[in-house]
Amino acid sequence: MAARSVGSLGDGAGGVQPLPRRLRFIAEESTNSFVHRLAETNGLAPRELLSMLGAGDALLSEPEFSEVHLNAAAHGRLAALAGCRADVMDHVLPTLRRHPLPDPDGAPPRWDVPNPWEPVNDCLVRVCDLCALSRQARRDAYAVSAAAWRVCARHRRWTDNLREDGVTCIPLTAVPEVLAAHEERVRLERRLGAGGRIAFADAFHIAVFWWNQAAQVPRAWAERHQQLGLQEGSDRRVAALVAYPEIVQLAGVLAARERRRLRGSWSRAQDTDWLRGVQALFASWELRGSFPMEPVLQWAALHSGRAHLSGPKPVRGRYRRLGTSGPHPQAASAGALEALTCLPWRLGDIPETPAQLWSVSSRV
Ligand SMILES: [Zn+2]
């Protein structure tokens, strides 16, 4: 690519010259991961590179453990060092646009490391190493993700941030329905926008309720766990993986009701039909009785108010964007699944006083 003049690299670069060696971008990469790669490629220590970005005295961790936040001026300098425009950098590194360091206009460049005790908004997940290799990354790259895992559809792998038994990624060839579900999720979220992401987050947390209680879970979960051939004890690591196809299907069902509600064409009679449909779906997964319906009823109760949408109502047609009215704040349309959902259950939280004595020893 032809060299661009530094003047075109955006404001705030403060005359910073591009480093001699450029990097190939990895989508959704964490800022810390990018900084580490850019530094190493150019023979610098990561800390040295950060000092070129601005002032900061926080302890810098490996990209596996922590993210780095920049203010606007430091962001401009990073773009200049990387030899690209600030808006391109913004597009490639999601943390830059989602968590800029707050600063008044014209503040001097600075960087910081988020407080590890503050609630996490995004998860750091290892980038599929084949994808990283194809971008000529020479070290593990990390991406920011709404969940503690990601699917690489291209290489058919499930990646997370763990290394139990040396397993850094889980091949999905044995469970093709998980890949199909992922494609479906991408379609749903592309079609419905924020509402699609919220429907997935809510469906995921309904599955979390079942998983935590372990009284009844779809039979397919245990079958998939077996097909993956993983060691015992990896249950929690693969909870979302084995449940993925049902979660995505449920997300579609939730989104259908939500679309009608937001259009204002939702009625009590329709809701009875809808609940009957959900029950039939659950029966096909061999979930029976009132227990599996509990979280769905709770979800439906939260999604029962009259919709007050500021924008246009969702319409029929190809682009049926769902808004975020109701229990989901407008601002929370991006970010962690846990921040998106209106439901209270978190993976692995076993209720202290269960309503009944569920077995907690034999999940998945
Ligand atoms: Zn890959």
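Per 0.36 nm of contour for each residue apart, how much would the distance between Glu62 and Asn161 grow if the chain were fully extended, relative to their Cα-Cα spacing?
The span from Glu62 to Asn161 would gain 34.4 nm if fully extended.
Under the rule a/c < 1.5 gives rounded, and otherwise a/b versus b/c splits prolate from oblate, where does region 48-140 land using the Cα gyration tensor?
Note, shape of region 48-140 comes out oblate.
Taking the simple approach of a point 7 Å from Cα along Cα-to-Cβ for both Leu130 and Asp112, what is their distance in nm?
According to this spin-label approximation, the distance is 4.1 nm.
Which residue, chosen from Val68, Gly56, Ala132, occupies the Cα position most advanced towards the positive end of the dipole of region 6-134, where the dipole is computed from +1 (Lys, Arg) and -1 (Asp, Glu) charges on Cβ about the Cα centre?
Going by the Cα projections, it comes out as Ala132.
In a shell of Cβ-Cβ distance under 13 Å around Ala55, excluding Ala55 itself, what net charge do Lys and Arg (+1) and Asp and Glu (-1) give?
Here the charged neighbours net out to 0.
If you take the beta carbon distance between Ser267 and Arg191 as r and set R0 to 25 Å, what does 1/(1 + (r/R0)^6) give as a FRET efficiency, to the nearest 0.05?
Step by step, r from the Cβ atoms, then E = 0.55.
Read-outs: derived from the displayed coordinates by stated rules, not from any lab. A quick note: this is a predicted structure, and the numbers were derived from the prediction, not measured. Every residue, glycine as well, gets a Cβ built from its backbone with ideal geometry; the counts of neighbours run over all protein chains shown.
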